[in-house]
Structures are given as structure tokens and as C-alpha cells.
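The values are calculated or read from the model by the stated rules, or taken from the named source; none is laboratory data. Please read all numbers here as calculations on a predicted model, not as lab measurements. Every residue, glycine as well, gets a Cβ built from its backbone with ideal geometry; the counts of neighbours run over all protein chains shown.
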Amino acid sequence: MGIAREVVGIEIGGTKLQIVVGTDRGRILDRFRFDVEPGQGAAAIRRQIEITVEHLHSKKAQSAIAVGFGGPVDWRTGRVCCSHHVEGWSGFPFAAWLRERFGLPVVIDNDANVAALAESRLGAGKGANPVFYVTLGSGVGGGLVVDGRIYHGATPGEAEIGHVRLDRSGATVESRCAGWAVDRKVRAVKMAQPHGLLARLVGQETYGEARHLKAAIEHGDATANTILRETASDLAFALSHVIHLFHPEVIVLGGGLSLIGEPLRKAVLAALPPHVMAAFQPGPDVRLAQLREDAVPIGALVLASSISELPPAKP
């Protein structure tokens, strides 16, 4: 396999920026995490990247930079299509900007694609082929890995399962299964049942209410289980299309909502069979992501190995 190279991996999301140093085999050696303030725009994120990578490169030269970006990107050119969370990214030549500042080879891909690569190589999908990854967070994204490589199709090349429609009225997977969509369901329960368990767990919080579903489910709360079944049913319906088209051996559930854990996995697995034709039964294995918040930075490190002829890292 050759000598592992030291590279920089960057994750740019709607709420966080992670910059790691590690090997192109996915081993993180050091990390820096920053909160993203959407109101400050993309320029503030780029400035933080400049400061951090310059600091890292001054200590020890890295061989390449790889990025998992939270939005559609042209993976061939490294140009950002847009960000759904932060202004100032649309049309930005990100790869060229990084190469100009640091003089290193650069590769950029969508964050869900990069996370899919990590989970397929080193996480829940290791040893399986193909692997489909779905992230349930502030949005819903997906990535397909076939024969150990990200499947892109035509440019821009993201598996945008979050934008798959669930009906003709325009309801999408994201509008039903994203973290904010589940927050909304929990909020409605809190208003309808102000003395119920979910309402007591949420308290005065007005953001991220979905994080309390796990505890409510563990206590057998009926309304929490209803929300879980509804969300799992919508997700399973969408994943049935993935199964019919791409036949993944494993589907990996990631993102913040996947922290509900085994109840979510079981609910999705149970909801799948009615939507999958008999010839494709029993369908793929459904697994929980193993790498959690490290999926994108680890995937970025692994993505760097796709850059041909990386120069050796300097001592």
C-alpha cells in the first residue's frame, strides 16, 4: 500500500468547521473545531481555514488538502455550486483558492459523499459493496460508494436523497426526516401535551428538540415512538428507491438523528419490506454509522489518497 502520507482534512458544515491533520489512510493525528456563524458569511470561514492551515503547515509540511463541503460542489473542478446555510460560497473556486494559498494538491467533494467513503472503508460499511450512506442532520444527504469509490454520475454528482419527493404535493425526505423537521414534530407534541414526558424533557428549549427523543423512547413514551415510526417510515420509503436502483449491500444511517440508535435502525429496517419488490427481499442490511462526527474529516483524509502522485511529506 505504500507509505501513509500526512494530509489536511477539512469539514465545512452549516454549524461547524473541523480541520484535522492525519494520514491518507484515515487516521486523525490532531484536530481543530470551530463554530460556524452563518451571518459572518463564507469569508469568515475561509479566513479561519487560512489561519489554521498556515499554522499546521508551519509546524510540519503536509502533502495535500482534502475537503468535505456541506453543499453541492463540482468535484472535478473544486468549484462550489452553493451552500444552503452560509452566504458567499456560490460559484466560488474553492480548490483553486486553496492551491494558490498553500501550494498543495487539493481535492473537494460533497460532505455526505466524503462521509460515505469513510463509513464504507473504515466504519459500518467496511467489507460491503455497494454502500449507501444517509445523513440525518440539519439537512438530509446521501452518498453511494461502489467498489471503494464514490459514485458521482454526472456533475455535480451528489446523491441528494433529501430532495427525493415523497408525494406529488412537494413533500421531500428532508421536509420530513431532517433534524429541524423532527424538531417541529416534537414542538407540536409539546404544545398539545404540555405535561407529557417529551414536553418535560424539552423544557424551555426552542432548538434541537429532537435530541430528547432517545430518552423519551427509552422510557416507553408513546408519542415519541409515534414520531420515530413516522420518520422511519418516510425514510424507508425513500430508501426503497435507492434499493431498486442501486442495490446496496449495506445502508448506513448517520447524522445527529442516528444517535437515537438501535430504535431508529430497527424502525427503518422494519418499515422497508412493504416498499421493496419480492425479487429484492430481504434487502440490504441497515446499520448505524460508526464514525459519528468523525465521518467527514476521516473521509476527507481518505479522499486525499485519490490524488495521484502525492509528494512525500517532509519530516
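Looking for whichever is outside the structural domain of S138 (by TED's automatic domain parsing), of a type outside the set (V, I, T) and either outside any loop (DSSP other than H, G, I, E, B) or without any contact (Cβ under 8 Å) to a residue 24 or more places away in the chain (or both) here; the options are G88, G22, G14, G71. Which one fits?
G22
Let me spell it out: the conditions are (1) part of a strand (DSSP E or B); (2) surrounded by 14 or more Cβ atoms within 10 Å (Cβ to Cβ); (3) free of Cβ contacts under 8 Å to residues at least 40 places away in the same chain; (4) among the hydrophobic types (A, V, I, L, M, F, W, C), and A4 meets all of them except one. Which number is the exception?
Against the list (1) part of a strand (DSSP E or B); (2) surrounded by 14 or more Cβ atoms within 10 Å (Cβ to Cβ); (3) free of Cβ contacts under 8 Å to residues at least 40 places away in the same chain; (4) among the hydrophobic types (A, V, I, L, M, F, W, C), A4 comes up short only on (1).
Taking the conditions exactly as written (at pLDDT 95 or above, under 26 Å from E293 (Cα atoms) and either surrounded by fewer than 20 Cβ atoms within 10 Å (Cβ to Cβ) or out of contact with any strand residue (DSSP E or B) (no Cβ under 6 Å at 6 or more places or on another chain) (or both)), does A210 satisfy them or not?
No.
Could you say whether any residue in the range 54-65 is surrounded by 19 or more Cβ atoms within 10 Å (Cβ to Cβ), at pLDDT 95 or above and out of contact with any Asp or Glu (no Cβ under 8 Å at 6 or more places or on another chain)?
Yes; the residues of the range 54-65 include at least one that is surrounded by 19 or more Cβ atoms within 10 Å (Cβ to Cβ), at pLDDT 95 or above and out of contact with any Asp or Glu (no Cβ under 8 Å at 6 or more places or on another chain).
So T226 fits all but one of (1) touching a residue at least 40 places away in the same chain (Cβ under 8 Å); (2) under 15 Å from K266 (Cα atoms); (3) surrounded by fewer than 19 Cβ atoms within 10 Å (Cβ to Cβ); what number is the exception?
Against the list (1) touching a residue at least 40 places away in the same chain (Cβ under 8 Å); (2) under 15 Å from K266 (Cα atoms); (3) surrounded by fewer than 19 Cβ atoms within 10 Å (Cβ to Cβ), T226 comes up short only on (1).
For the range 91-123, what are the residues that are more than 14 Å from the chain's Cα centre (by Cα) and in a loop (DSSP other than H, G, I, E, B)?
Matches in the range 91-123: G91, F92, G103, L104, P105.
Out of the residues in the range 235-277 that are part of a loop (DSSP other than H, G, I, E, B) and of a type in the set (G, A, S), which is nearest to the chain's Cα centre (by Cα)?
Only one residue tops the list, namely G255.
Would you check if there is a residue in the range 27-49 being of a type in the set (A, V, I, L, M, F, W, C), part of a loop (DSSP other than H, G, I, E, B) and touching a strand residue (DSSP E or B) at 6+ places or on another chain (Cβ under 8 Å)?
Looking for residues that are of a type in the set (A, V, I, L, M, F, W, C), part of a loop (DSSP other than H, G, I, E, B) and touching a strand residue (DSSP E or B) at 6+ places or on another chain (Cβ under 8 Å), one finds at least one in the range 27-49, hence yes.
Answer yes or no as to whether A271 is closer than 22 Å to A192 by Cβ and either outside the structural domain of L136 (by TED's automatic domain parsing) or in contact with a Ser or Thr (Cβ under 9 Å, 6 or more places away or on another chain) (or both).
no
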